[in-house]
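The structure appears right after this line, and notes come after that.
The values are calculated or read from the model by the stated rules, or taken from the named source; none is laboratory data. Keep in mind the model is a prediction, meaning the values are calculated, not measured. Cβ sites come from the backbone with ideal geometry, for glycine too, and all protein chains shown count toward neighbours. Quick note on the areas: whole protein, heavy atoms, side chains included, nothing else; ligands and nucleic acids left out. Shrake-Rupley method; radii C 1.70, N 1.55, O 1.52, S 1.80 Å.
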Amino acid sequence: MTQINASNALMLTLDAALSLARPHGARQVADLGNWLIHNMPEHLSCSIDAAGNIHIDARTDTHHRTLFIAHLDTVHRSGGKNKIVKTLPKWTAGDKDKCLGADDGAGVAMLMHLLHSGVPGYYIFSQGEECGGIGAKFLSDNHGVTLMEHDRAVDFDRRGIDSVITHQGMGRCCSD
C-alpha cells in the first residue's frame, strides 16, 4: 500500500472515494471513513460522534478558528464498487447511468490534502448529507459549543469557483 503524504493525499483519497458507491448507511461509507482514519497524519487523532461524523482537531492554537467539512455519502442508490474512467484531464463515471461520486468525494480528498499539508483547523467528515443533512443536523443539535469555536466554516461541496450558498432549505445558512 502506498504511504499517503502531502504530495499524494489528494489523488489517493480521490481514488479511494470515487472507487466506492456510497449511499448513506451503506457499508462503503464506513469503509471510506475507516480508510480516512487509517490514512490521516500520524500525529492527529479523531473522534466519531453518535451520528458517525468523524472529527479531527488539527488546530495548533486558539487562533485557528476555521472549520473544514465534507460529507462521506453520495447519491448512489446502492453501495458497492464504482467504475471510474481515468483520462486526462478528467475522470468520469464508467457507467453512463451512474454518478461519479465526486459529490462529495472531491471534498473529502481536499480535506485529506489540507490535513496532510499541515493546514490547521477543525475538520469534520459528515454523514447523510444526501439524505437531508443527517450529520449536519446532529452537529447543530449536539455540538453547538464546538461549532461556536469557529469564525468560519468552509464546506467543500460545491462546483466551480463561484458557487457560494447563503440560503438553503428553509432559510439563511451563512453570511454573504
| task | State whether segment 1-90 is rounded, prolate or oblate according to the following rule on the C-alpha gyration tensor (a ≥ b ≥ c being the square roots of its eigenvalues): a/c under 1.5 gives rounded; otherwise a/b larger than b/c gives prolate, and the remaining case gives oblate. | result | oblate
| query | About the Cα centre of the chain, what is the dipole size in debye to 20, counting +1 per Lys and Arg Cβ and -1 per Asp and Glu Cβ, all else neutral? | reply | 580
| message | Order His55, His43 by their accessible area, 1.4 angstrom probe, all chains in place, largest first. | response | His43, His55
| request: Mind checking the full-extension length gain between Thr87 and Asn34? Use 0.36 nm per residue of separation minus the Cα-Cα distance, one decimal, nm. | output: 16.3 nm
| task | Take every DSSP beta bridge with both residues inside the chain and express the antiparallel ones as a percent of the total, to the nearest 5. | result | 60
| Fraction of antiparallel bridges per DSSP, segment 61-152 only, in percent to nearest 5 | 35
| said: In whole Hz and in residue order, list the ³J(HN,Hα) couplings for segment 79-96 that follow from phi through the Karplus curve 6.51 cos²θ - 1.76 cosθ + 1.60, θ = phi - 60°; x for Gly and Pro. | reply: x, x, 5, 10, 7, 10, 10, 9, 10, 7, x, 9, 9, 9, 5, x, 10, 4
